[in-house]
Amino acid sequence: MARKAFFENYMDLCRHEGLKNLWQTELEKQNRDYSIAMKIPHYMKAAGLKNVSCRMNDRVTFLEPEQPDYRELLDSVIKADHWSDEKTDREIQEDIGYFMNHGMSRKEAEDYCRQMNGIVRYLKQHADSVSLTQTRGIMISYGWK
């Protein structure tokens, strides 16, 4: 019961005007709408699912050359983010087409591809001295019919 009260109060808080502005800013600036992630469990409940719940999973990777497993961690970040090789002109054009079909302007898609190739070049040139902090998050919602 305490969990239900928490989520009811949480949704009331989320409806506050300041957070709506934050959501709108996220949507406009980064094409992300975190409010949808918070609404999904409520939509699932409205669709008739029972025992609806959700959980958030965050992971932060901190990497610096002094770590004993530095090279292994760096290699895993490079592999996970597909930063092992620069993309060819053909691959870049395919990516630009994909991103444009998913709402990016040509300039945004070109800038993104250029940035990714820049990261690959930087990592190759500075593989022994890269320090980074990387965060990832995922929200999982589930329920039963």
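Probing with 1.4 Å while keeping every protein chain in the model, the per residue accessible area of segment 60-145 equals 73 Å². Under the classification rounded if a/c is under 1.5, otherwise prolate if a/b is larger than b/c and oblate if not, where does segment 86-141 fall, given a ≥ b ≥ c as square roots of the Cα gyration tensor eigenvalues? Here segment 86-141 falls in the oblate category. If you take the Cα centroid of segment 116-131 and the Cα centroid of segment 65-103, the two points sit 11 Å apart. With a Förster radius of 25 Å applied to the beta-carbon distance between L73 and E94, the computed FRET efficiency rounds to 0.25.
The values are calculated or read from the model by the stated rules, or taken from the named source; none is laboratory data. Every value quoted in this text rests on a predicted model; they were computed, and no experiment measured them. Reconstructed Cβ throughout: ideal geometry from the backbone, glycine too, with neighbour counts over all protein chains shown. For the accessible areas, the whole protein counts, side chains as well, though only heavy atoms, and no ligand, DNA or RNA atoms are used. Shrake-Rupley method; radii C 1.70, N 1.55, O 1.52, S 1.80 Å.
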